[in-house]
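Read through the structure below, which is laid out as structure tokens, and then see the notes.
The values are calculated or read from the model by the stated rules, or taken from the named source; none is laboratory data. On a predicted model such as this, the values are computed, not experimentally measured, just so you know. Note that we place each Cβ from the backbone using ideal geometry, even for glycine, and neighbour counts take in every protein chain shown. All accessible areas refer to the heavy atoms of the entire protein, side chains included, with ligands and DNA or RNA removed. Shrake-Rupley method; radii C 1.70, N 1.55, O 1.52, S 1.80 Å.
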Amino acid sequence: MKIRIIGPCGSGKSTLARELSLRYDIPFYEIDNLIWDRSADQRKFPEADRDAKLRSILSSDSWIVEGVQYKDWTLGTIEKADLIFLLKPHVLKRDLWIIKRFMLSRTGIRPWNYKQSFGNLCKMMVRWNHQYEIEAVTGLIEKYRKTSFVVRNKAEVIREIEKFNESV
């Protein structure tokens, strides 16, 4: 099974991908980790390396790929996915999750992939949450003649996965 999870910042993409990975024994990948070299002062990987990693993931039998991004280089995840989920919890709930993650990572209670800054917090809440264009994502998915599910929680996702598994 190949699953693509898309949604605004703070919508729970990584948490959902991790939980689905454990439940269905499918590897999951965060698009951010294909872009950013976490070992080197937040530098981006060369595009050729990033693209090669993604091609390798997409060529495997099963995967879960999650990320905000829906740019040209990630379109293969939409094209090859069996199921596409657009996470859309209420915007204020996402704000709370973003703030909670910020506080937990800044205090060292929860490690994070990168150092959280106040500037990052503002960008995540405004640009990647409040200004996220879910209609642009659904329009793009429709171009590939794919069905996507706009969901608010894990229970809705699992229900659709179970329906899919029954039909296969």
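Among the listed residues S14, S105, identify the single one that is without any contact (Cβ under 8 Å) to a residue 60 or more places away in the chain, surrounded by 12 or more Cβ atoms within 10 Å (Cβ to Cβ) and within 16 Å of the chain's Cα centre (by Cα).
After ruling out the rest, the residue left standing is S14.
Say we look at the range 129-147 and pick out the residues that are assigned to a loop (DSSP other than H, G, I, E, B) and open to solvent by less than 90 Å² (accessible area, probe 1.4 Å); which of these is farthest from M1 (Cα to Cα)?
Ranking the candidates gives Y132 first.
Of the conditions (1) in contact with a strand residue (DSSP E or B) (Cβ under 9 Å, 6 or more places away or on another chain); (2) closer than 20 Å to V150 by Cα; (3) modelled with pLDDT of 85 or more, R50 satisfies every one except a single condition; which number is it?
The single condition R50 does not satisfy is (2).
Determine, yes or no, whether V150 is out of contact with any Cys (no Cβ under 6 Å at 6 or more places or on another chain), closer than 27 Å to S21 by Cβ and open to solvent by 100 Å² or more (accessible area, probe 1.4 Å).
In short, no.
How many residues does the range 57-76 hold that are surrounded by fewer than 11 Cβ atoms within 10 Å (Cβ to Cβ) and assigned to a helix (DSSP H, G or I)?
The total comes to 1.
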